[in-house]
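The next block holds one structure in the form of structure tokens; read it before the comments.
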Amino acid sequence: MGQIALRNVNKSFGATIIIPNINLDIEDGEFVVFVGPSGCGKSTLLRLIAGLEDTTSGTIQIDGRDVTNEAPAKRKLAMVFQSYALYPHMTVAKNIAFPLKMAGESPEVIDRKVKDAARVLNLTNYLERRPGQLSGGQRQRVAIGRAIVRQPSAFLFDEPLSNLDAALRGTMRLEISELHNQLKTTMIYVTHDQVEAMTMADKIVVLNAGNVEQVGSPLELYNRPKNLFVAGFIGSPKMNLIEGAPAARHGARTIGIRPEHLNASKASGEWKARVGVAEHLGSDTFLHVHADGVGPLTVRAGGEIGLDHGQDVYLTPDLSKLHRFGDDGQAMLAA
Amino acid sequence: MARAVTTQHKTIVTAAAWIVALLIFFPILYTIITSFKSEQEAIQGFNLIPSGTTESYAEVQAQSGYFHFFLNSVILSVGSTILALIIAIPAAWSMAFSPTRRTKDVLMWMLSTKMMPAVAVLFPIYLIFRDTGLLDSRIGLMIMLMLINLPIVVWMLYTYFREIPGEILEAARMDGASLWNEIIYVLTPMAVPGIASTMLLNIILAWNEAFWTIRLTTTEAAPLTAFISSFSSPQGLFWAKLSAASTLAIAPILIMGWFSQKQLVRGLTFGAVK
């Protein structure tokens with residue numbers, strides 16, 4: 001079981017308020033991603049759940065049990081750190097065995113579980129090595145191994161992939177998702193990378209300055225962002241946000257349109273624009289254009305569009321996919 | 001051509017380095033050479049080839065009993081080091097792992113005590129030792145040596161402990177380790193190399209300390225420093241015997257230093273070459 005509930009959780013360091021007031025429910029077995037820009041309080045929130053930081057006020061419940069004042073060791077959670085935090089003086093086998101040893105398991109049980117974990121994570125040949133003799137990806141796997149052997153009620157990941165190179169990050173992302181499918185244990189994953197959030201999460205929690213901006217499935221956030229912050233943060237390339245006359249025409253302060261919802265044509269369209277940079281990715285072309293009376297826009301066009309710097313293009317927004325935001329930055333209901 | 005210049009340059013630098021090293025080492029070498037001379041030879045003037053007699057050693061031993069002083073040196077240096085570690089480990093620990101706004105100031109204050117000339121407090125300390133009956137006692141001197149070196153021990157350990165990443169301790173906490181298990185299985189093994197080199201350096205510092213050891217002892221607690229100085233005494237200078245005594249005093253620490261050079265270098269350069 002791994003159901004986690006935060007009730008009016010508040011955290012401040014001295015006079016600095018990191019997390020003003022958070023209420024959040026995480027269901028058993030869910031893969032939840034906390035995402036937000038650096039300094040938004042996502043890591044602090046994770047550390048509050050882990051028990052590595054004390055909550056200033058509010059309660060944290062795990063499986064209905066109030067653990068707000070319990071030591072990290074008593075919460076039955078496992079954590080994977082950004083720096084891996086392996087014990088440098090222990091072999092891989094001893095690192096993975098450590099939580100079991102602390103739990104007082106018998107040597108036979110420890111041996112079996114360590115071997116199982118090593119097999120799952122492809123570490124069998126490295127069991128007698130020290131962390132210093134492993135590559136970044138292998139170290140991360142050891143850290144994950146150390147987390148899975150104790151069968152925690154939830155896993156906490158604190159930006160676990162940010163020290164890896166791009167290729168390895170992609171592979172590890174898949175491995176963690178697969179692990180979640182196998183174990184079906186609650187996972188809370190902190191990242192500043194919205195691609196990681198979109199690809200891995202069942203549920204994304206978007207944080208900004210300690211506040212929850214929106215909670216929902218990746219597609220919910222993508223299709224129905226509640227406010228400008230979420231609209232701008234989720235999606236790559238970013239949603240185009242347009243103010244002024246074009247927005248006023250739709251009765252909004254700001255309108256948002258995703259790059260793929262702008263239809264590009266060489267012949268005719270609503271907005272005339274000039275191509276600044278064209279990024280040809282093969283399958284897609286990202287056009288960074290400047291539209292007359294609208295401003296800079298990003299357009300996702302087909303791979304065969306055949307447009308380059310300095311050429312004119314006509315753009316037509318798909319009005320059914322238009323997002324409208326009011327003066328307060330909140331999404332407006334369809335008119 | 002470029003290569004030839006490099007080789008020549010290298011030879012010159014190497015030769016210069018050897019000359020400087022020999023110059024620095026020469027006093028010690030000459031002390032050892034002189035210790036194998038007879039008293040007659042020793043006062044005759046500069047001579048690098050001794051007759052090889054060991055009569056000075058025999059006489060020094062017969063006159064003062066080297067072993068008594070050696071034992072005191074061992075007890076004082078090891079004892080004061082252990083005392084210093086007992087106090088410094090928790091102090092450095094708390095400053096490294098739960099620093100406050102004043103931690104840096106406290107560290108600076110500790111270091112500042114090393115800037116005071118020792119002679120400035122000679123009288124008060126001598127009087128305190130006299131009145132408390134600590135003069136010429138091993139305990140008294142052990143406490144004195146411990147206090148002298150404590151700032152350095154705290155500083156060294158502090159820099160070592162600071163190197164241990166906090167996340168590893170948090171990982172241990174998450175893994176279910178109690179505070180005690182955290183100390184036994186994670187902290188101590190990671191800190192042992194740091195503690196060991198601090199210990200070695202402090203033993204050497206305490207072994208070589210001459211200001212207080214000579215002034216606060218007479219016979220009972222006198223270590224090798226006092227043993228050496230007793231040979232430049234009212235009877236006049238006996239170069240060969242003085243050299244023999246000096247050689248005997250530096251030999252143990254030289255041997256220990258030789259075997260532990262790796263730890264010592266690491267200890268001394270720690271923090272400087274990160």
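The values are calculated or read from the model by the stated rules, or taken from the named source; none is laboratory data. Predicted model only: the values in this text are computed from it and were never measured. When we count neighbours, we look across all protein chains shown, and the Cβ atoms used for this are built from the backbone with ideal geometry, even at glycine.
Can you confirm whether region B:228-240 contains a residue that is more than 19 Å from the chain's Cα centre (by Cα), of a type in the set (A, V, I, L, M) and not in a loop (DSSP other than H, G, I, E, B)? Let's see the steps before the verdict.
Taking region B:228-240 and keeping what is more than 19 Å from the chain's Cα centre (by Cα), we get B:230-240.
Within this subset, residues satisfying the condition of being of a type in the set (A, V, I, L, M) are B:237, B:240.
If we keep only those that are not in a loop (DSSP other than H, G, I, E, B) too, we end up with B:237, B:240.
Yes, region B:228-240 contains at least one residue that is more than 19 Å from the chain's Cα centre (by Cα), of a type in the set (A, V, I, L, M) and not in a loop (DSSP other than H, G, I, E, B).
For region A:303-318, what are the residues that are surrounded by 16 or more Cβ atoms within 10 Å (Cβ to Cβ) and either free of Cβ contacts under 8 Å to residues at least 12 places away in the same chain or touching a Phe, Trp or Tyr at 6+ places or on another chain (Cβ under 6 Å) (or both)? Walk me through it before giving the result.
So the first thing to find is which residues in region A:303-318 are surrounded by 16 or more Cβ atoms within 10 Å (Cβ to Cβ), and the list is A:305, A:307, A:313-315, A:317.
Across region A:303-318, the qualifying residue is only A:Leu315.
Just checking, how many residues over region A:96-143 are of a type in the set (Lys, Arg) and more than 23 Å from A:Phe155 (Cα to Cα)? Lay out the reasoning, then the answer.
Of all residues in region A:96-143, those of a type in the set (Lys, Arg) come to A:101, A:112-113, A:115, A:119, A:129-130, A:139, A:141.
If we keep only those that are more than 23 Å from A:Phe155 (Cα to Cα) too, we end up with A:129-130.
Residues in region A:96-143 being of a type in the set (Lys, Arg) and more than 23 Å from A:Phe155 (Cα to Cα): 2 in total.
For A:Asp66, all conditions in the list (1) more than 11 Å from chain B (Cβ to nearest Cβ); (2) in contact (Cβ under 8 Å) with a residue 12 or more places away in the chain; (3) under 27 Å from A:Glu27 (Cβ atoms); (4) not basic (Lys, Arg) hold save one; what is the number of the exception?
Among (1) more than 11 Å from chain B (Cβ to nearest Cβ); (2) in contact (Cβ under 8 Å) with a residue 12 or more places away in the chain; (3) under 27 Å from A:Glu27 (Cβ atoms); (4) not basic (Lys, Arg), the lone unmet condition for A:Asp66 is (2).
I'm told A:Ala71 meets every condition in (1) free of Cβ contacts under 8 Å to residues at least 60 places away in the same chain; (2) facing chain B (nearest Cβ under 9 Å); (3) surrounded by 17 or more Cβ atoms within 10 Å (Cβ to Cβ) except one. Can you identify the failing condition by its number?
Every listed condition holds for A:Ala71 apart from (3).
Please give the number of the condition B:Thr31 fails out of (1) free of Cβ contacts under 8 Å to residues at least 60 places away in the same chain; (2) surrounded by 15 or more Cβ atoms within 10 Å (Cβ to Cβ); (3) of a type in the set (S, T, N, Q).
The number of the failed condition is (1).
Go through B:Ser178, B:Ser243, B:Ser232 for me and flag whichever is modelled with pLDDT under 85, on the phi < 0 side of the Ramachandran plot and not acidic (Asp, Glu). First the steps, then the outcome.
Working: B:Ser178 fails: modelled with pLDDT under 85; B:Ser243 fails: modelled with pLDDT under 85.
Selected residue: B:Ser232, the only one of B:Ser178, B:Ser243, B:Ser232 that is modelled with pLDDT under 85, on the phi < 0 side of the Ramachandran plot and not acidic (Asp, Glu).
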